[in-house]
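Just below is one structure, and these are the notes that go with it.
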Amino acid sequence: MTGPPLTVQADVAVIGAGPAGLTAAIGLRRLGVGVVVLEREAEAGGIPRITHHTGYGLRDLHRMMTGPAYAERLVQGAVDAGADLRIGAMVTDWSGDRSVMVTSPEGRWRLSAQAIVLATGARERPRSARLVPGDRPAGVLTTGMLQDVVHGGRAVSGGSIGSRAVVVGAELVSWSAVLTLREAGCRAVLMTTEHERIEAPAALVWAGRSVPGLPVSRRTRVTRIMGRHRVEAVELTRLDTGQTRTFACDTVIFTGDWIPDSELARAGGLDMDPGHRGPVVDGALRTSAHGVFGAGNLLHPVDTADVAALDGRHVAGQVARFLEGGTGPQAATRVLPGAGFAWVSPGLLRPADPPPRERLLLWATEHRSAPRVVVRQGDRVLRRRLVPWPASPGRVFRLPWSVLAGVHPEAGDVTIGLG
Amino acid sequence: MSAAEPALVDVAVIGGGVVGCAVARELAGFDVSVALIEARGDVGDATSKANTAILHTGFDAVPGSLEARLVARGYALLGDYAKATRIPVEGTGAVLVAWTDEERGSLESLRQKAIANGYLDCEILASEAVYALVPHLGPGVLAGLTVPGESIICPWTTTLAYATEALARGATLMLGTRVTGVSVADDVTTLATTRGLVRARWVVNAAGMGADVIDRMYGFDRFTVVPRRGELIVFDKQARPLADCIVLPVPSSRGKGVLVSPTIYGNVMLGPTSENLADREDTSTTAAGMEFLLGKGRAIMPSLLEEEVTAAYAGLRAATEHGDYVVDVDADRRYLLIGGIRSTGLTASMALAEHAGLQLAGAGLALAPRVGLPPVPVLPNIGEAFPRPYQRADLIESDPEYGAIVCFCERVTRGEIRDALRSPIPPCDVDGLRRRTRATMGRCQGFACGADVESALHATDLA
Ligand SMILES: Cc1cc2nc3c(=O)[nH]c(=O)nc-3n(C[C@H](O)[C@H](O)[C@H](O)COP(=O)(O)OP(=O)(O)OC[C@H]3O[C@@H](n4cnc5c(N)ncnc54)[C@H](O)[C@@H]3O)c2cc1C
Ligand SMILES: Cc1cc2nc3c(=O)[nH]c(=O)nc-3n(C[C@H](O)[C@H](O)[C@H](O)COP(=O)(O)OP(=O)(O)OC[C@H]3O[C@@H](n4cnc5c(N)ncnc54)[C@H](O)[C@@H]3O)c2cc1C
């Protein structure tokens, strides 16, 4: 091997050029901070790049745009702001507290910075991670791969997309899959969800239209995939009765069921959240490692792109503050999910550090149309609050940060549950 | 028959699994013409691609059996060959873990058995020592037995290395060619295949799950292959620190049991199950199998179960009614059977090939060394124990395509995909590409790169 790797210095290294990373870079540049953004894909923009429907930009840019238009605007914004955007550059390892190893066609190099922002996003769990048994034929995809195939203008080998699809999941992203299938000339013939309800209303907002005539099997799990070479059918099991039936199809799209791309966070030894499996952060989006911050769906799998972007805007200010020095953070209190929730983000409370948009993000495991939220610290109930918006599995449930008012820094963990 | 007689080869090897490829490579090292006939579109696409990928010492084989001898010999041969060809191997070592008094009681006899097999390095450990070795084992370990020589190996590169070298030595590879009939004449055997006739002086049957079918074409009725399915679960690379060595169960009358093993690609594997089937092509996974494995895994290494699952698959062992390998030569009809290579064939492959050569020579096939053999091929490294292209500044500098990562989870570069597509035995589908490069086999299973990889496979402009 030739000599030591080339080292590039930066004030801040942003890893991941999705909505969160790009918006963070724009924010940092506006504050006069030097930024290198590393993106492993050949194009910057993150997931919106490949989601062609409208539904992006509402909260951050105050307009509705398609994914690619939104991505392009953020990329242009970052470039115009003077961010050093490196595409085709993947961070593979750490090589020190705030330096990382990068592989790109230019070489194998090191990026050393005073602060790092991890904005690596989230992905959908594929079929294997969901332990769906059966044959392993062609025609089984996630929404991410489906959209990449359809919109990336790629050759579709022997047709990984057929003509009759079962869409697994009824989250917001599932409807996006349905639309993309239709564009590809494939009909979604069934949607299945293990839950009682589907997340249709918001999906209609996202997608701009509904899909009439698509039957939905609720409380149903895909328990087997059949077909030696190409999908021929799936076995569906009713969760309540155990009853099974075989349903003919040639394509299965596994949607939702998100997990952060947290490999780097974990490799860096950061404290990880067992609920969402991303790094634990506080309101300033600090991780447990000094000078390492997080933003976007890495911290809350999965919220909309505008929320990820606003994380980026928030973290820019926090990172700039960190670079100026100043006092270290206060003592923190852990905020944990209670009954009815899988995770809370941020998972650390520091009263001086409100989270982005002063919101807590939670993931519900059961549906409540008018949920009663209970905040506890130790045995003490700090707050009971009836919330007029629903909590539903498959979409982020947001609470004002003020529900944590009155938490005592020394009185132990706080839980937020459904009463 | 048509006017043009099909060409005649000295030896036709039926079956392009790890065994058939090893045999073809071995025989092509002599001055004979060899054809390797494989029904599928790629070599190593059956049992040889779906196993637990352990290079066994043979410590627990039945002493005195052919399998015991060939596993021990194969371990040494393949170990050396791997160094020369850069087949990824990691000497992780193994520890057998006793969870019950009965299992603890059998450790000493296992150690004796290992000695009888010529393997002298086993050591019995007290419970604390076992935990020191594998701290993440679940509660209840009573004792253990170390097998320091057990190693992990890349089964895909192994098969590919044999086939590549066989080709370089002049063998003919006939993919997508299924043997459907045999007719033996005085000097020449004619094989009917799905792609026409093949004429050969000698025939080697290394057809794995199909070996008894070919054997019956010769009129024998001496064994039946029973597909014994083994399901496996592969955990995320983030689990790798949990299992630094192979954790073996104490074998019982019910088989070898469920192990936890690091893989050469940096994951952790849990399995296999063991279940006899009727269907010789049923490599599906089952809910019951998964549940069984997860139950076992929870007891062996509870923290493993907190990790994400990357893949699940199943392989079929070619079990027979005989305990041992079934290797037999019929000198009159110039036919060699290599059957019942059930659960150690990867390890034994080179020894089986060597044994096959001796059997054939003994039966009258003249095997003179070939002069001017090509150098051994060096295979691309797809294991984690050695630097991969994306980590190599020198390589990227000389060719930036090795800096263009396409499959992020497995860090596979465009250069490696290009190399695989231009290699002497190129992949015919995404699965084949995965076996040569690891592309798409990672935790996202193509979420990020599936489309890129598919298009690379079909691109003609990669040059
Ligand atoms: C099908 C679908 C439809 C959607 N529809 C909508 C919608 O209509 N409206 C909406 O608001 N949201 C929608 N979303 C959600 C939205 O896309 C996400 O919220 C948003 O992309 C999150 O932004 P992010 O920056 O956190 O992550 P991402 O967009 O995932 O970006 C992360 C980036 O980091 C890069 N990266 C990761 N690891 C590394 C590394 N080691 N080195 C270098 N780079 C790395 C990745 O390549 C990626 O580009 C949809 C999502 C999907 C899948
Ligand atoms: C779950 C499991 C775990 C295992 N673990 C290990 C391990 O850790 N270590 C180890 O050493 N071994 C292990 N093994 C065993 C090892 O995988 C096998 O012994 C080995 O792969 C057998 O190789 P083969 O070439 O005989 O068979 P195969 O790989 O099955 O090859 C036979 C080939 O013949 C072809 N064929 C069949 N019929 C015809 C025909 N009529 N015409 C043309 N071609 C035909 C098939 O298509 C196939 O490609 C394991 C096996 C299993 C199932």
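The values are calculated or read from the model by the stated rules, or taken from the named source; none is laboratory data. Here the structure is a predicted model, which is why all the values come from computation and not from measurement. Neighbour counts run over all protein chains shown; Cβ positions are idealised from the backbone, glycine included. Ligands, DNA and RNA are excluded from the accessible area calculation, which covers all protein heavy atoms including side chains. Shrake-Rupley method; radii C 1.70, N 1.55, O 1.52, S 1.80 Å.
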remark   = So for the stretch A:1-83, using the alpha carbon gyration tensor with a ≥ b ≥ c as root eigenvalues (a/c under 1.5 gives rounded; past that, a/b versus b/c decides prolate or oblate), I'd call it oblate
request  = Determine, for the protein assembly as shown, the count of lysine pairs separated by eight or more sequence positions (or lying on different chains) whose alpha-carbon distance falls under 21 Å.
outcome  = 6
key: Only Lys, Arg (+1) and Asp, Glu (-1) charged, at Cβ; the stretch A:14-160 dipole about Cα centre in debye   = 260
query = Using modelled amide H (1.01 Å from N, peptide plane; none on Pro or chain starts), what sits under 5 Å from the amide H of A:Arg359, excluding residues fewer than 5 places away?
reply = A:Trp401
task = Report the semi-axes of the equivalent ellipsoid for the protein assembly as shown in whole Å, largest first, where each axis is √(5λ) for an eigenvalue λ of the Cα gyration tensor.
result = 51, 29, 28
inquiry  = Using a 7 Å offset from the Cα along the Cα-to-Cβ direction at both B:Glu108 and B:Ala385, what is the distance between the two label points in nm, to one decimal?
reply    = 3.4
message = Run lengths n ≥ 4 of DSSP H only: what is the helix-derived mean residue ellipticity at 222 nm for chain B, with -39500 (n - 2.57) per run over all residues, to the nearest 500?
response = -9000 deg cm²/dmol
query = Dipole of chain B, Cα-centred, from +1 at each Lys and Arg C-beta and -1 at each Asp and Glu C-beta, to the nearest 20 debye?
reply = 360
request  = At 37 °C and 0.692 mPa s, grab the translational diffusion coefficient of the stretch B:77-225 from Stokes-Einstein with a Kirkwood Rh over Cα pairs, rounded to a whole number in µm² per second.
outcome  = 165
task = Enter the accessible area per residue of the protein assembly as shown (Å², integer; probe 1.4 Å; all protein chains in place).
result = 38
ask   = A:Val216 label point, 7 Å along Cα→Cβ, cut-off 12 Å on backbone N: hits in the stretch A:184-198?
value = A:191-198
note = Listed by chain and number, the residues whose amide H is under 5 Å from that of A:Ser163, excluding neighbours fewer than 5 places away on the same chain and using placed H, are A:Asp250
query = To the nearest 500 deg cm²/dmol, what mean residue ellipticity at 222 nm is calculated for chain A from DSSP H runs of n ≥ 4 alone, each contributing -39,500 (n - 2.57), summed and divided by the residues?
reply = -6000 deg cm²/dmol
ask   = Which percent of the accessible heavy-atom area of chain A goes to carbon and sulfur, probe 1.4 angstrom?
value = 50
remark   = On protein heavy atoms with a 1.4 Å probe, the accessible surface that disappears when B meets A, both sides summed and given to 100 Å², is 3900
ask   = Can you give the Rg to Rh ratio of the stretch A:292-333, both from alpha-carbon atoms, with Rh computed by the Kirkwood formula?
value = 1.05
ask   = For q = 0.12, 0.15, 0.26 Å⁻¹, what log10 I(q)/I(0) does the stretch A:356-418 give under the Debye formula with an equal point scatterer on each alpha carbon and no solvent?
value = -0.29, -0.46, -1.17
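Over the stretch B:1-159, what relative contact order in percent results from Cα pairs under 8 Å that are six or more residues apart?
This gives 28 percent for the stretch B:1-159.
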ask   = Taking the Cβ-Cβ separation of B:Val188 and B:Asp80 as r and a Förster radius of 30 Å, what is the calculated FRET efficiency to the nearest 0.05?
value = 0.25
ask   = Looking only at other chains, what is the average number of their beta-carbon atoms within 10 angstrom of each beta-carbon in B:285-297?
value = 2
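Would chain A count as rounded, prolate or oblate if I go by the C-alpha gyration tensor, calling it rounded below 1.5 in a/c and otherwise prolate when a/b exceeds b/c, oblate otherwise? It would help to have the intermediate numbers written out before the result.
Numbers: a/c = 1.87, a/b = 1.22, b/c = 1.53.
Cα axes put chain A in the oblate bin.
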ask   = For the pair A:Glu183 and B:Ala287, how long in nm is the line joining their label points, each one 7 Å along Cα→Cβ?
value = 3.5
inquiry  = Quick check for me: using +1 on Lys/Arg Cβ and -1 on Asp/Glu Cβ, what's the dipole size of the protein assembly as shown about its Cα centre, in debye to the nearest 20?
reply    = 2240
remark   = A student asked for the Cα radius of gyration and Dmax of chain B in angstrom ought to give 22.2, 75
task = Summarise the partner chain shielding of A:101-111 as one whole number: the mean count of Cβ atoms from other chains within 10 Å of each residue's Cβ.
result = 5
ask   = Does the stretch B:389-458 come out rounded, prolate or oblate by the C-alpha gyration tensor, with a ≥ b ≥ c the root eigenvalues, rounded set by a/c under 1.5 and, if not, prolate when a/b is larger than b/c and oblate if not?
value = oblate
request  = Within the stretch B:187-217, list the trypsin sites (Lys or Arg not before Pro) lying in a DSSP loop whose Cβ has at most 14 other Cβ atoms in a 10 Å radius.
outcome  = B:Arg195
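Run through the stretch B:246-335 and list the GluC sites (Glu not before Pro) located in a DSSP loop whose Cβ has at most 13 other Cβ atoms within 10 Å.
In loop regions of the stretch B:246-335 (DSSP not H, G, I, E or B), the sparsely surrounded GluC sites (Glu not before Pro) are B:Glu281, B:Glu321.
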note = Among B:Ala35, B:Leu55, B:Val18, the residue whose Cα sits farthest towards the positive end of the charge dipole of the stretch B:18-165, when +1 is placed on the Cβ of each Lys and Arg and -1 on the Cβ of each Asp and Glu, is B:Ala35
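For the stretch B:288-368, calculate the relative contact order in percent as a whole number, restricting contacts to Cα pairs under 8 Å that are 6 or more residues apart.
21
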key: At least 30 Å along the helix axis (C-alpha) and Kyte average at least -1.0, DSSP helices within chain A   = none
key: Distance (nanometres) between label positions extended 7 Å along Cα→Cβ at B:Ala168 and A:Gln9   = 4.8
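Kirkwood hydrodynamic radius, computed over distinct alpha-carbon pairs, for the stretch B:14-56: how many Å, to one decimal?
Details: mean 1/r = 0.0890 Å⁻¹.
When all Cα pairs of the stretch B:14-56 are included, the Kirkwood radius is 11.2 Å.
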ask   = For the stretch A:277-294, what does the Karplus curve 6.51 cos²θ - 1.76 cosθ + 1.60, with θ = phi - 60°, yield as ³J(HN,Hα) per residue in whole Hz, taken in order and with x for Gly and Pro?
value = 6, x, x, 6, 10, 9, x, 7, 6, 6, 8, 6, 9, 4, x, 10, 10, x
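Average partner chain C-beta neighbours within 10 Å, per residue of B:385-396?
Going residue by residue through B:385-396 and averaging, the value is 4.
If Rh is defined by the Kirkwood formula over all Cα pairs and Rg also comes from Cα, what ratio Rg/Rh do you get for the stretch B:1-89?
1.06
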